[in-house]
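The values are calculated or read from the model by the stated rules, or taken from the named source; none is laboratory data. Nothing here was measured: the structure is a model prediction, and the numbers come from that model. Here the Cβ positions follow ideal geometry from the backbone for every residue, glycine too, while neighbour counts run over all protein chains shown.
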């Protein structure tokens with residue numbers, strides 16, 4: 001017995017000596033996350049499959065996968081993220097082991113490469129607004145915002161409308177949280193907490209539900225479970241659609257922009273946070289949608305330092321440059337002239353939020369955006385905001401329907417004019433009825449219709465777009481748009497409806513068919529509206545005279561001429577001064593395609609004789625109650 005006791009004593013002494021030799025360091029704590037789901041959850045591991053061609057995409061995927069575990073811990077304990085740097089380091093090691101194990105068998109080095117800071121997932125009171133628990137989160141955002149987030153994100157998130165509602169509630173809560181944090185916290189940290197709360201607390205199914213992970217974290221889902229290729233392990237088609245079409249992680253792009261605009265701060269996102277963990281990565285992919293958060297250096301290089309020679313357009317809020325990215329793709333980069341001018345921030349945030357959800361052949365797709373800091377040395381001491389679109393090589397429609405001053409022959413034949421008008425009609429039909437709530441563009445005009453490599457038309461420039469409101473016949477808003485394209489009720493009273501866009505579309509149709517601009521200032525008699533001019537000819541039985549000479553010169557059969565005249569009649573009907581007389585976009589489209597007869601044109605009312613002031617600048621105008629400046633007389637327009 002004494003021998004056994006002596007042996008135990010020796011072992012204790014040896015253990016103490018080893019501990020002292022090691023500096024008295026306790027063994028590392030275990031990871032407090034249950035990572036068993038990593039090997040069985042149906043996440044798409046393709047971005048991380050060797051050889052990894054896009055490290056950024058892989059790291060974003062792994063961050064979303066790990067987010068499931070963090071949200072599950074929040075759900076179980078009410079505690080955000082991890083309690084300490086050692087615990088964070090332990091979880092990164094455990095996560096590496098999980099993804100390296102069969103059936104995933106991914107490189108063990110991926111997690112340390114994506115998460116190089118051991119303390120990356122630890123939380124502290126300085127992380128965001130002093131929030132470390134779910135209760136503190138509710139207190140920071142307020143009971144109303146937290147209740148909205150719980151109710152909006154609580155249901156099954158496979159439904160598109162529910163996921164969009166959750167997105168809106170998340171943006172609202174995030175704005176409240178970042179306002180509470182002030183400048184002491186990074187807004188990206190507050191975003192992470194909001195995403196974890198939505199998935200871990202608000203949603204009834206919890207973060208381990210594929211629909212929840214797809215919506216809250218933007219995690220791309222595999223058609224089969226990583227653990228099995230059997231059909232029984234396939235997730236539903238609905239969940240796949242959610243994962244690829246409406247991930248609420250697009251808030252990573254949209255909410256940060258809205259947040260920066262909402263707070264009007266100039267400290268913004270620091271350069272080290274532009275990438276996931278590598279500050280020299282040129283861009284960060286937004287999962288499942290293809291949009292990215294670009295680095296200013298990549299865009300400057302693509303555009304030759306925003307060289308004058310690469311300017312392809314100018315607008316009320318910015319300059320558009322042609323650029324070539326490092327992968328060889330050609331893009332159009334819209335650079336805001338001054339984000340701090342009145343309306344510049346709002347235009348930028350509105351355009352990103354609106355267009356990020358569009359998926360239609362006849363709308364210009366947004367590829368990504370860029371926000372810089374005033375104190376970033378790479379930005380020359382100025383804050384900048386940029387939008388990146390797919391490049392439309394054939395430019396804007398106005399180049400092809402009006403006579404060119406330089407004599408260039410670019411005028412479109414009838415077949416292409418017909419195609420352009422139908423493309424625009426389909427794009428507007430989608431905006432009004434294909435998304436919920438519907439979108440009013442507010443600035444449909446020839447310069448905002450771009451032509452791709454196949455001469456197919458795409459609606460562009462959504463900076464003035466507004467969402468409709470369910471149950472309301474119209475919005476009352478500040479008037480913004482372009483002379484000649486605004487419907488009378490909107491220009492006079494600020495009443496905006498879907499048929500305000502229909503009016504602008506009607507003006508555009510008349511421009512395309514006649515070759516005359518909406519406002520012709522070259523006439524000896526003064527300003528002539530194309531709507532008045534076409535109306536008078538049609539009512540006199542001279543519809544053919546509305547057609548452009550380029551169309552009349554074409555040797556076409558009588559049926560083709562009749563089709564041209566039908567387009568003119570639809571244009572006049574859409575641009576009718578009385579709202580109730582205008583068709584909806586689906587009705588107008590059916591008339592243009594010949595599926596529905598064009599009704600007899602209703603008479604136009606007598607002139608209202610209203611005169612309103614307007615402020616002019618960069619081709620846009622805003623109605624004002626201030627009785628100063630030039631006046632626009634709508635008497636002729638309203639006949």
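Listed values, structure above:
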| quantity | calculated |
| --- | --- |
| Number of positions in the stretch 545-560 that are part of a loop (DSSP other than H, G, I, E, B) and either on the phi > 0 side of the Ramachandran plot or buried (at least 16 other Cβ atoms within 10 Å of the Cβ) (or both) | 3 |
| Test: residue 563 is assigned to a helix (DSSP H, G or I), modelled with pLDDT of 90 or more, buried (at least 18 other Cβ atoms within 10 Å of the Cβ) and assigned by TED's automatic domain parsing to the domain that holds residue 519 | no |
| Options 389, 400: the member that is touching a residue at least 40 places away in the same chain (Cβ under 8 Å), farther than 18 Å from residue 593 by Cβ and assigned to a helix (DSSP H, G or I) | 400 |
| Meets criteria (assigned to a helix (DSSP H, G or I), in contact (Cβ under 8 Å) with a residue 12 or more places away in the chain and surrounded by fewer than 18 Cβ atoms within 10 Å (Cβ to Cβ)) for residue 93 | yes |
| In the stretch 189-205, the residues that are in a loop (DSSP other than H, G, I, E, B) and touching a helix residue (DSSP H, G or I) at 6+ places or on another chain (Cβ under 6 Å) | 203, 205 |
| Odd one out for residue 118 among (1) part of a loop (DSSP other than H, G, I, E, B); (2) farther than 22 Å from residue 211 by Cβ; (3) without any contact (Cβ under 8 Å) to a residue 60 or more places away in the chain; (4) under 26 Å from the mean Cα position of the chain (by Cα) | (4) |
